[in-house]
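Report on the structure given below.
The values are calculated or read from the model by the stated rules, or taken from the named source; none is laboratory data. What you see is a predicted model, and the numbers here were worked out from it, not measured in a lab. No Cβ is skipped: glycine too gets one built from the backbone with ideal geometry, and neighbour counts run over all protein chains shown.
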Amino acid sequence: MEGADATPTPMVSTPKLMAADDSPAFANSHLYRSTIGMLQYLCITRPDLSYCVNKLSQYMNSPSDAHWRAVKRVLRYLVETMEYGLWFTPGQFKLVCYSDADWASSVEDRQSTTGYVIYLGSNLIAWCSKKQAVVSKSSSEAEHRSLANCVSELLWVKQLLEEVGISIKQIPAVWCDNTSTVSMSANPTHHARVKHLRLTTILLEKKYLMAPCRLTLYRQLIKLLMCSLNPSLPSSLQCSAMLLGSRQHIQLLVFKRSKD
């Protein structure tokens, strides 16, 4: 990959990758797995890689040439975004979470994708892009499972902060863009159609502030964890989505927010 051309996005939106395609099997599966392992390590500080690495890791058992080409595109994207990294600024000690789900996004088995981000003040401290283990019968059900995973992570983060001496006095806010999911989570009375979700619902009945997310910006940001980055999306939005990018991008974002 030495001297490879840079690309602005880590993965194309179409055609979608599949396990069974017309592409021949990749000859060096060990190289594929080791490269994915290195990319998974990068995801610790690069949330923008979460979706594509999660997707490509689903084919480590039997990768094809098409899958390897997709891996090389991620490497070319890293050439383009070498200076990107997490950016932290001082602020209030309050936890805010944004949860979403891409319903039936997997072409092969129609399983959904969970995506969420957790902020401490204005700083991104936790995120997830993961294929759900079961098939959801509706978008509300997929969002419900994603929300449960988000709250589980939130509980762990809150406990960790308390152990290191950081007390979170405000009730954490959990945002979701699906009103049915918020209603199911807040209402202790459930009907027969959601009985199978009872275990996750018990978790969501904690005293958190849950509300439908009406913030257009953050509805776009969380989508970056569940789909390929859109080349038409402004780079400043891609950077601000995960607090990634150059210092100039972040300073511009903070300035715009302070004016609003």
Flag if Asp100 is outside any loop (DSSP other than H, G, I, E, B), acidic (Asp, Glu), under 26 Å from Val174 (Cα atoms) and not assigned by TED's automatic domain parsing to the domain that holds Gln170: no
Qualifying position, being free of Cβ contacts under 8 Å to residues at least 40 places away in the same chain, crowded, with 18+ Cβ neighbours inside 10 Å and not assigned by TED's automatic domain parsing to the domain that holds Asp177, among Pro63, Pro47, Pro10, Pro90: Pro63
Given (1) in a strand (DSSP E or B); (2) in contact (Cβ under 8 Å) with a residue 60 or more places away in the chain; (3) out of contact with any Phe, Trp or Tyr (no Cβ under 6 Å at 6 or more places or on another chain), number of the condition Ala126 does not satisfy: (2)
Restricting segment 129-147 to residues that are surrounded by fewer than 20 Cβ atoms within 10 Å (Cβ to Cβ) and of a type in the set (A, V, I, L, M, F, W, C), the residue that is nearest to Leu86 (Cα to Cα): Ala133
Conditions (1) more than 20 Å from Thr114 (Cα to Cα); (2) assigned to a helix (DSSP H, G or I); (3) within 16 Å of the chain's Cα centre (by Cα); number of the one not met by Ala66: (3)
Which numbered condition Ser57 misses (of (1) assigned to a loop (DSSP other than H, G, I, E, B); (2) under 30 Å from Ile125 (Cβ atoms)): (1)
Qualifying residues in segment 78-101 (those that are of a type in the set (Ser, Thr, Tyr) and more than 18 Å from the chain's Cα centre (by Cα)) - the one nearest to Ser139 (Cα to Cα): Thr81
